[in-house]
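Chemist: The structure follows.
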Amino acid sequence: MPQLGQHDPAPSLRQKLAGRPIRTTHIVACHHCTLARGAGRFVQIYSTHEQVICLRHRLWLGDGVTGVTDQLSIRDSPEITTAWHHHRNLITRHGRSGVRKAFHIAAVINWRWYDQFHHVTAATDIYDTLAANQPRHANSHAVVAASLYPSIVDLTAAMASPRWAEIAHSRHPDQFLDRMMQ
């Protein structure tokens, strides 16, 4: 739990932590999981960039969730779960560091597209489903973030792939740009 963590671990502990994923962020843990373990409703945990859902309870825990009441059900949006599995596979295939960087860049790009056009076509159906099933979350940042997540993962896949990176940096990046506009 971040509340109990040391900012500067002892030298002996640094050796034990070497090579582990960087956990620079923290999220609010799934309230169903924490209640089942007797930890209470509001528990913050250290997380890695791909920990955005509770797979067991199908809850969104990612961007936009600042408290237990912000956690929303993604049961009716299997695209989000599919994107999460794809995200995990990308990490296995290309490594955590490269995927984390690509994910961050892809998120910035998708959010800028959303800010400019107030929608991303691929995310519109997901947003409509989430907003219809949970009207109290309809205009929340968490619903928009959950809706954009599959698009962000798709762009991450292209950016993390050495093959697509080579095409993007070539003299004729048309094939890469066509893939981005799908």
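The values are calculated or read from the model by the stated rules, or taken from the named source; none is laboratory data. Remember, it's a predicted structure, so these values are computed and weren't measured experimentally. Cβ coordinates were reconstructed from backbone atoms using ideal geometry, including for glycine residues, and neighbour counts include every protein chain displayed. Calculation scope for accessible area: heavy atoms of the full protein, side chains included, ligands and nucleic acids excluded. Shrake-Rupley method; radii C 1.70, N 1.55, O 1.52, S 1.80 Å.
Chemist: Any residue in the stretch 58-75 that's at pLDDT below 90: show its pairings with residues that are assigned to a loop (DSSP other than H, G, I, E, B) and of a type in the set (D, E, K, R) at Cβ separation under 6 Å, as long as the two are six or more apart or on different chains.
Modeler: That search, which allows pairs on different chains as well, returns 68/41.
Chemist: Of the residues that sit in the stretch 37-85 and are among the polar types (S, T, N, Q), more than 14 Å from residue 134 (Cβ to Cβ) and part of a strand (DSSP E or B), which one is least open to solvent (accessible area, probe 1.4 Å)?
Modeler: Filtering the stretch 37-85 down to residues among the polar types (S, T, N, Q) leaves 44, 47-48, 51, 66, 69, 71, 73, 77, 81-82.
Of the ones still in play, those that are also more than 14 Å from residue 134 (Cβ to Cβ) are 44, 47-48, 51, 66, 81-82.
Narrowing further to those that are part of a strand (DSSP E or B): 44, 47.
Working: 44: 45, 47: 2 Å².
For the stretch 37-85, the residue satisfying everything is 47.
Chemist: Looking at (1) surrounded by 14 or more Cβ atoms within 10 Å (Cβ to Cβ); (2) in contact (Cβ under 8 Å) with a residue 40 or more places away in the chain; (3) within 21 Å of residue 55 (Cα to Cα), which is the one condition that is false for residue 105?
Modeler: (3)
Chemist: OK, next. Of all residues in the stretch 108-143, count the ones that are of a type in the set (A, V, I, L, M), part of a helix (DSSP H, G or I), out of contact with any Gly (no Cβ under 7 Å at 6 or more places or on another chain) and open to solvent by less than 30 Å² (accessible area, probe 1.4 Å). Give the steps one after another, and end with the answer.
Modeler: Step one: of the stretch 108-143, the residues of a type in the set (A, V, I, L, M) are 108-109, 120, 122-123, 126, 130-132, 138, 142-143.
Within this subset, residues satisfying the condition of being part of a helix (DSSP H, G or I) are 108-109, 122-123, 126, 130-132, 142-143.
Then keep just the ones that are out of contact with any Gly (no Cβ under 7 Å at 6 or more places or on another chain); that gives 108-109, 122-123, 126, 130-132, 143.
Still in the list and also open to solvent by less than 30 Å² (accessible area, probe 1.4 Å): 123, 126, 130-131, 143.
Matching residues across the stretch 108-143 total 5.
Chemist: Looking at residue 156, is it at pLDDT below 90, hydroxyl-bearing (Ser, Thr, Tyr) and either closer than 16 Å to residue 50 by Cα or open to solvent by 60 Å² or more (accessible area, probe 1.4 Å) (or both)?
Modeler: Numbers: at pLDDT below 90: no; hydroxyl-bearing (Ser, Thr, Tyr): yes; either closer than 16 Å to residue 50 by Cα or open to solvent by 60 Å² or more (accessible area, probe 1.4 Å) (or both): yes.
Considered against the rule, which asks whether it is at pLDDT below 90, hydroxyl-bearing (Ser, Thr, Tyr) and either closer than 16 Å to residue 50 by Cα or open to solvent by 60 Å² or more (accessible area, probe 1.4 Å) (or both), residue 156 comes out as no.
Chemist: Answer with yes or no whether residue 174 is more than 18 Å from residue 77 (Cβ to Cβ) and surrounded by fewer than 14 Cβ atoms within 10 Å (Cβ to Cβ).
Modeler: yes
Chemist: Being under 29 Å from residue 139 (Cβ atoms) and modelled with pLDDT of 85 or more is true for just one of 91, 109. Which residue is that?
Modeler: Working: 91 fails: under 29 Å from residue 139 (Cβ atoms).
On inspection, the qualifying residue turns out to be 109.
Chemist: Looking at residue 91, is it surrounded by fewer than 17 Cβ atoms within 10 Å (Cβ to Cβ), among the β-branched types (Val, Ile, Thr) and more than 15 Å from residue 146 (Cα to Cα)? Give the steps one after another, and end with the answer.
Modeler: Numbers: surrounded by fewer than 17 Cβ atoms within 10 Å (Cβ to Cβ): no; among the β-branched types (Val, Ile, Thr): yes; more than 15 Å from residue 146 (Cα to Cα): yes.
So residue 91 fails the test.
Chemist: Only one of 118, 172, 85, 137 is modelled with pLDDT of 90 or more and not aromatic (Phe, Trp, Tyr). Can you tell me which?
Modeler: 85
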